[in-house]
Amino acid sequence: MKALVEDVEAVDVREIQRNGATLIEIRVAQSDMGKIIGRQGRTVRALRSLAHVAGLRKKHRFILEIVE
């Protein structure tokens with residue numbers, strides 16, 4: 001995640017257990033929000049796909065959210 005942003009110090013990743021799933025919250029600086037989302041949402045969609053595949057392998061559900 002830190003490789004995608006300029007303000008590395010502002011990156012905060014939290015893992016929250018909720019209803020049998022793991023919610024992964026990602027917080028970045030406002031100026032880096034566009035880089036995390038990507039053009040037409042491609043970057044965040046790719047990150048969510050990776051979380052989905054990891055969940056399939058571990059038989060667990062992962063939910064990825066970008067928090068402002």
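Results, tabulated for the structure shown:
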| read-out | value |
| --- | --- |
| Principal semi-axes in Å for the chain [√(5λ), Cα gyration tensor, largest first] | 22, 14, 9 |
| Residue-wise HN-Hα coupling along region 10-17, computed from phi with Karplus coefficients 6.51, -1.76, 1.60 (Hz; x: Gly, Pro) | 7, 6, 9, 10, 10, 10, 10, 7 |
| Within straight-line cross-link reach of Lys2, lysines at Cα separation under 24 Å, skipping those fewer than 8 residues along the same chain | Lys35 |
| Lys, Arg +1 and Asp, Glu -1 on Cβ, resulting dipole of the chain about Cα centre, debye, nearest 20 | 600 debye |
| Whole-percent carbon and sulfur share, accessible surface of the chain, 1.4 Å | 50 percent |
| Cut-off under 5 Å, modelled amide H: who pairs with Thr22 long-range | Arg61, Phe62, Ile63 |
| The chain: angle of helix 42-58 to the longest principal axis, Cα-based, in degrees nearest 10 | 30 degrees |
| Inter-label distance, nm, simple model (7 Å from Cα along the C-beta direction), Ala54/Glu6 | 2.7 nm |
| Which of Val67, Val13 is most accessible, then next, and so on - probe 1.4 Å | Val13, Val67 |
| Order of exposure, largest accessible area first, which applies to Thr43, Thr22 with probe 1.4 Å | Thr43, Thr22 |
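The values are calculated or read from the model by the stated rules, or taken from the named source; none is laboratory data. In this text the structure is predicted, and so the values were computed from the model without any measurement. Cβ sites come from the backbone with ideal geometry, for glycine too, and all protein chains shown count toward neighbours. For accessibility, only protein heavy atoms count, side chains too; no ligands or nucleic acids. Shrake-Rupley method; radii C 1.70, N 1.55, O 1.52, S 1.80 Å.
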